[in-house]
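**Q** I have a structure here, written as C-alpha cells, and I will follow up with some questions on it.
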Amino acid sequence: HDLEALLQMITQDLVRLFDVDVVRLAMESPVAEYYEAQYGEHNYSGVSFIDPGVVDGAMGPKDDIRLIADVQKERSEGMSQIFADCSGLIRSCALLRLELPSDKRQVVLAFGVRHPDRFHPKQGSELLGFLAQIVEYKLDQCLKREGLDVV
C-alpha cells in the first residue's frame, strides 16, 4: 500500500520466500556518495544507493536478468557496490534490472546466496522477469506518490 510496506516485503519477505541470504534493492543516484547504507548485524538485506552506471557495469547494457553461478569466477564491475558490506558472503546471485518509468533511473533487485551454483545462466528466468516488472511498477508508483522519484 505504501513505500515502507513495499520495501519491507522486498527486503524481508523475499529473503524467506526465495530462501536466499541477501536481497538488495540498489538504486542509481547522482548523489549516491552522500548516502551510507546501514544493515543489521544478522541481515544484509536492504535498500542502497549506487553510482550511475553501476547497473550497466554489473549486468551489461542490454541484459535485464543476469544469473551468476559463482561470483568469485565471474565478478563484474559494480558487484561490490550492489553487495556492499557483504560481497565476501555472496557466492551466487541473480540480478534483475528495473527501470523506473517516471525518471528513467536504473535499479537492480539483487538476490544473493552464500553457496555457489544456486543461480546459473541456463536456469529459466521468466518468473524472475515477471517479478521484476511487478516490483518496477509498484516501486515507481510508491516513489511518485511519496514525492521521492527524484532522490
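**Q** Of all accessible surface on the chain at a 1.4 Å probe, what whole percent is carbon and sulfur?
**A** The computed percentage sits at 49.
**Q** Under the rule that an exposed site lies in a DSSP loop and has at most 15 other Cβ atoms within 10 Å, name the longest stretch of the chain with no trypsin sites (Lys or Arg not before Pro) of that kind, not counting the sites themselves.
**A** In short, 1-61.
**Q** Note down the net charge around Val55, summing +1 for each Lys or Arg and -1 for each Asp or Glu among other residues with Cβ under 11 Å from its Cβ.
**A** Details: positive: Arg66, Arg97, Arg105; negative: Glu28, Asp51, Asp56, Asp63, Asp64, Glu77, Glu99.
Charge balance in the 11 Å sphere: -4.
**Q** Note the listed values (1) 11, 31, 36, 20, 3, 0; (2) 11, 46, 37, 6, 0; (3) 9, 34, 31, 17, 7, 2, 0, then indicate which one is P(r) over Cα pairs in 10 Å bins from 0, in percent calculated from this particular structure.
**A** (2)
**Q** Cα axis of helix 126-146 to longest principal axis of the chain: angle in degrees, 0 to 90, nearest 10?
**A** Between helix and principal axis, roughly 30 degrees.
**Q** Another one. Which whole-Hz ³J(HN,Hα) couplings does the stretch 51-62 yield from phi under the Karplus relation 6.51 cos²θ - 1.76 cosθ + 1.60, θ = phi - 60°, glycine and proline marked x?
**A** 5, x, x, 5, 4, 5, x, 7, 10, x, x, 10
**Q** Something else: Given only helices, namely DSSP H runs of n ≥ 4 each adding -39500 (n - 2.57), what is the per-residue ellipticity at 222 nm of the chain, to the nearest 500 deg cm²/dmol?
**A** -7500 deg cm²/dmol
**Q** Another question, then. Amide H of Ser92: which non-local residues (sequence gap of 5 or more, or other chain) have their own amide H closer than 5 Å, using H built in the peptide plane?
**A** For Ser92, the qualifying residues are Val71, Val113, His115.
The values are calculated or read from the model by the stated rules, or taken from the named source; none is laboratory data. Quick caveat, the model's predicted, so the values are computed rather than measured. With ideal geometry, Cβ positions are generated from the backbone for all residues, glycine too; neighbour counts draw on all protein chains shown. Ligands, DNA and RNA are excluded from the accessible area calculation, which covers all protein heavy atoms including side chains. Shrake-Rupley method; radii C 1.70, N 1.55, O 1.52, S 1.80 Å.
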